[in-house]
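One structure is given here, and the rest of the page talks about it.
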Amino acid sequence: MNIAVLIKMVPDTESKLEVNDGALNDQNFKYMVNPYDEFAVEQAVQFKEAEGGKVTLLSLFSENNSIDTDLRKMLAIGADEIVVLRQEGYRGDKPLANAKTLSDAIKELDVDLVLCGIQGIDYYQSATGTMVAQMLGIPNISGVTNLEYNSGTLKAKRQIEGGLQTVETSTPALISCQKDMNKVRFPALKDIMMSKRKPFENKKVDSIDSNDPITSESSLPPARDGGEMIDGENAEDKVKKLIEKLKMEAKVI
Amino acid sequence: MSNVLVIGETDGSEIKGISQQVASVAAGMGEVTGLVIGSGISEAGMKLSVAKIIMADDTSLENYDPVKYASIASHIVKEHNIETILLGATSMGKDLGPRLAAELNCGYLGDCLEAGSEGFVRPNFAGKVLAKSNPTGTIVATIRNNAYPAGEAWSGSVENYSGEIAESTLKTTDIENVGSGTVELTEAAIVVSGGRGLENAENYDSMIRPLAESMGAAAGASRAIVDAGWVPHSHQVGQTGKTVAPELYLAIGISGAIQHLGGMSGSKCIAAINKDPDAPIFKVADYGIVGDLFEILPILKSKF
Ligand SMILES: Cc1cc2nc3c(=O)[nH]c(=O)nc-3n(C[C@H](O)[C@H](O)[C@H](O)COP(=O)(O)OP(=O)(O)OC[C@H]3O[C@@H](n4cnc5c(N)ncnc54)[C@H](O)[C@@H]3O)c2cc1C
């Protein structure tokens, strides 16, 4: 089974978020592999180990190559190759445009399955994967916590409100991976060494026009002031006062 | 004023609360048509508070299927010259929304906190940044639960969908209710969350869950205890978990790491219990108690 895994490089969760004149300052961002995408890589490698085939990692990013080291670590998990689509002026908040570029690249690979993370932890749209599936004309199952493959049939459990929906489909399909899906392995030293020799291809792609909405203004949510520390003679007294305040002041219980 | 489509969801014989919230957002935006897709949904679907409802009621539509549902919605959008399509930011909405936007080759805005003729506001970086946009042309948007009050249930005129339904290879073979009887995290008015301060899974089960239950709250967790395997990931609040915005968020034995704050700082009121007076959670809490949770929780529990 040949599998493509979509990987998004996202600003590190510790990144300082600064807004100047209504625009988010992204100059000093350091990037990391989107955490949900790691589950997709692990799942792809497990399928490859069971079924044979090839795992190709596909990432769309700018010309900035500071991401290469982190991206290469995904090869140590057991993927076979990386293709990075390098796009001048790439932005992570254009799911429609990015899905078009990614789906065009996937068409050139001969794959039975596309895996990605449920969402990017930058813009939280949960959109690109689903859009890629539509553009490839294949079904998608999103938010999957358990995925099995048995001679051509995928069986996925996806999180829904209050429970799990089990969905089956034949391949090709696109699956977006949720956290509980698996435990991402720590690569052995020999796998890390080997990953350094695996193919890492940079491919230039044109930027494209799209109907993605443009953010006209970014802002930081109103800062929460530290509130009131509740004093009291003892624990009983403090709890009493807290409940009183939640009832009478905040009116939330 | 534009033509607006609201895609509603049912829950048994009721229309979901979030769908009524979406309907009330839509009411201010133009001429509204409702669409409800499913099997045996006519009673529930009628309650969607819009003037005109299209019902796609077919046994093949019993469970959510992105391929089939998107084909129906896009058919209606084209037939009725609809420019704005609104859904609730549910497990269905967040999947159907982008699939439909791709099918229509139009923009998509997920999990909006505000939607209206003045523009759309949605959270980036788990709510650490708010992004506003004023899209022109066709747009699909999902609306976050509890961002707007619900519209009243009433029946508009009903029409049955008679267009095509796309073929799909997807087949739902089971719906499993886990934790039935417990409140869904993202829909709860009160969330009681526990962290590493609880020391072990048994304490989470014997202290956090019962407190949540007696307060009618959902039980949440920090990533530290999800990673430790005390609770499943579906409980995790934060940048790599769920974003919640309840009336009351109670953080117990949680330090308040930036990734955790990302998922809950939109709560109306935050109360924290922590033994460390310098814990960062107190910087965002409206009310804080410095103390030992093992002493405080039993007392708190006895009040509900
Ligand atoms: C990429 C990335 C993504 C992440 N995503 C998330 C996320 O989505 N959600 C999330 O929560 N975290 C996330 N984290 C992890 C985050 O950085 C913290 O490690 C985590 O939130 C800490 O959990 P905690 O507060 O339970 O534990 P700790 O930080 O260990 O805090 C425990 C707290 O309990 C208090 N305590 C201990 N004993 C008692 C007692 N007896 N009585 C009262 N108080 C007591 C302590 O004072 C302390 O403040 C992420 C991290 C990274 C790197």
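Residues of segment B:118-151 that are on the phi < 0 side of the Ramachandran plot and within 7 Å of another protein chain (Cβ to nearest Cβ): B:PRO123, B:ASN124, B:LYS128, B:VAL129, B:LEU130, B:ALA131, B:LYS132, B:SER133, B:ASN134, B:PRO135, B:ILE139.
Can you tell me which residue among A:ALA105, A:ALA127 is within 13 Å of chain B (Cβ to nearest Cβ) and in contact with a strand residue (DSSP E or B) (Cβ under 9 Å, 6 or more places away or on another chain)? Please lay out each step first, then the result.
On the way: A:ALA105 fails: within 13 Å of chain B (Cβ to nearest Cβ).
Checking each option against the conditions leaves just A:ALA127.
The residue that is nearest to the ligand (Cβ to nearest atom), among those in segment B:280-304 that are of a type in the set (Gly, Ala, Ser) and over 29 Å from B:ALA147 (Cα atoms), is B:GLY291. So which residues in segment B:176-191 are in a strand (DSSP E or B) and loosely packed, with under 15 Cβ neighbours inside 10 Å? Passing the criteria: B:GLU176, B:ASN177.
When each of B:SER206, B:SER222 is tested for being without any contact (Cβ under 8 Å) to a residue 60 or more places away in the chain, more than 14 Å from the ligand (Cβ to nearest atom), over 19 Å from A:ALA250 (Cβ atoms) and among the hydroxyl-bearing types (Ser, Thr, Tyr), the lone residue that passes is B:SER206.
Matching residues to (1) farther than 26 Å from A:ALA173 by Cα; (2) modelled with pLDDT under 95; (3) crowded, with 20+ Cβ neighbours inside 10 Å:
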site	(1), (2), (3)
B:GLY8	yes, no, yes
B:SER19	yes, no, yes
B:VAL32	yes, no, yes
B:ALA51	yes, yes, no
B:GLY97	no, no, yes
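Across segment B:267-293, the qualifying residues are those that are within 7 Å of another protein chain (Cβ to nearest Cβ) and of a type in the set (D, E, K, R), and the one among them that is farthest from B:VAL244 (Cα to Cα) is B:LYS283.
Screening A:LYS247 against (1) closer than 30 Å to A:ALA105 by Cβ; (2) more than 7 Å from every other protein chain (Cβ to nearest Cβ); (3) among the charged types (D, E, K, R) leaves a single unmet condition, (1).
When you check B:ALA23 against the structure, is it under 21 Å from the mean Cα position of the chain (by Cα) and either outside the structural domain of B:SER155 (by TED's automatic domain parsing) or without any contact (Cβ under 8 Å) to a residue 60 or more places away in the chain (or both), yes or no?
Values: under 21 Å from the mean Cα position of the chain (by Cα): yes; either outside the structural domain of B:SER155 (by TED's automatic domain parsing) or without any contact (Cβ under 8 Å) to a residue 60 or more places away in the chain (or both): no.
In short, no.
For segment B:147-183, residues that are under 24 Å from B:HIS80 (Cα atoms), at pLDDT 95 or above and of a type in the set (Asp, Glu) total 2. Considering only residues of segment A:10-52 that are part of a loop (DSSP other than H, G, I, E, B), away from the ligand (no atom under 16 Å from the Cβ) and under 20 Å from B:GLY127 (Cβ atoms), which is modelled with the highest pLDDT? So the residue we want is A:GLY22.
Would you check if A:LYS204 is in contact with a helix residue (DSSP H, G or I) (Cβ under 8 Å, 6 or more places away or on another chain) and farther than 30 Å from B:SER265 by Cα? Break it down stepwise before answering.
Values: in contact with a helix residue (DSSP H, G or I) (Cβ under 8 Å, 6 or more places away or on another chain): no; farther than 30 Å from B:SER265 by Cα: yes.
In short, no.
Look at A:GLY78 and say whether it is within 21 Å of A:LYS179 (Cβ to Cβ), in contact with a Gly (Cβ under 7 Å, 6 or more places away or on another chain), at pLDDT 95 or above and part of a loop (DSSP other than H, G, I, E, B). No, not satisfied. Residues in segment B:248-268 that are touching a helix residue (DSSP H, G or I) at 6+ places or on another chain (Cβ under 7 Å) and more than 6 Å from the ligand (Cβ to nearest atom): B:LEU248, B:TYR249, B:ALA251, B:ILE252, B:GLY256, B:LEU261, B:GLY262, B:SER265, B:GLY266.
In segment B:171-203, the qualifying residues are those that are within 14 Å of another protein chain (Cβ to nearest Cβ) and hydroxyl-bearing (Ser, Thr, Tyr), and the one that is farthest from the ligand (Cβ to nearest atom) is B:THR173. When you look at A:LYS8, is it under 19 Å from the mean Cα position of the chain (by Cα) and surrounded by fewer than 15 Cβ atoms within 10 Å (Cβ to Cβ), yes or no? No: the conditions fail for A:LYS8.
Taking the criterion of being out of contact with any strand residue (DSSP E or B) (no Cβ under 6 Å at 6 or more places or on another chain) and crowded, with 18+ Cβ neighbours inside 10 Å, the residues of segment B:131-146 that qualify are B:THR138, B:ASN145, B:ASN146.
The single condition among (1) of a type in the set (Asp, Glu); (2) under 27 Å from B:GLY238 (Cβ atoms); (3) buried (at least 16 other Cβ atoms within 10 Å of the Cβ) that A:ASP80 does not meet is (2).
From B:ALA228, B:ALA272, B:ALA217, grab the single residue that is surrounded by fewer than 18 Cβ atoms within 10 Å (Cβ to Cβ), more than 8 Å from the ligand (Cβ to nearest atom) and among the aliphatic types (A, V, I, L, M).
On the way: B:ALA272 fails: surrounded by fewer than 18 Cβ atoms within 10 Å (Cβ to Cβ); B:ALA217 fails: surrounded by fewer than 18 Cβ atoms within 10 Å (Cβ to Cβ).
Of B:ALA228, B:ALA272, B:ALA217, the one residue that is surrounded by fewer than 18 Cβ atoms within 10 Å (Cβ to Cβ), more than 8 Å from the ligand (Cβ to nearest atom) and among the aliphatic types (A, V, I, L, M) is B:ALA228.
Of the candidates B:SER162, B:SER168, the single residue that is surrounded by fewer than 12 Cβ atoms within 10 Å (Cβ to Cβ) and away from the ligand (no atom under 16 Å from the Cβ) is B:SER162. Residues in segment B:85-110 that are at the interface with another protein chain (Cβ under 8 Å from one of its Cβ atoms) and in contact with a Gly (Cβ under 9 Å, 6 or more places away or on another chain): B:SER91, B:LYS94, B:ASP95, B:GLY97, B:PRO98, B:ALA101, B:CYS106, B:GLY107, B:TYR108, B:LEU109, B:GLY110.
The number of residues in segment A:200-238 that are of a type in the set (A, V, I, L, M, F, W, C), outside any loop (DSSP other than H, G, I, E, B) and touching a strand residue (DSSP E or B) at 6+ places or on another chain (Cβ under 6 Å) comes to 3. Put simply, of A:ARG86, A:ARG72 the only residue that is at negative phi, basic (Lys, Arg) and not in a helix (DSSP H, G or I) is A:ARG86. Residues in segment A:34-51 that are within 9 Å of the chain's Cα centre (by Cα) and of a type in the set (D, E, K, R): A:ASP37, A:GLU38.
The values are calculated or read from the model by the stated rules, or taken from the named source; none is laboratory data. Since the structure is predicted, the reported quantities are computational estimates derived from the model, not experimental observations. Every residue, glycine as well, gets a Cβ built from its backbone with ideal geometry; the counts of neighbours run over all protein chains shown.
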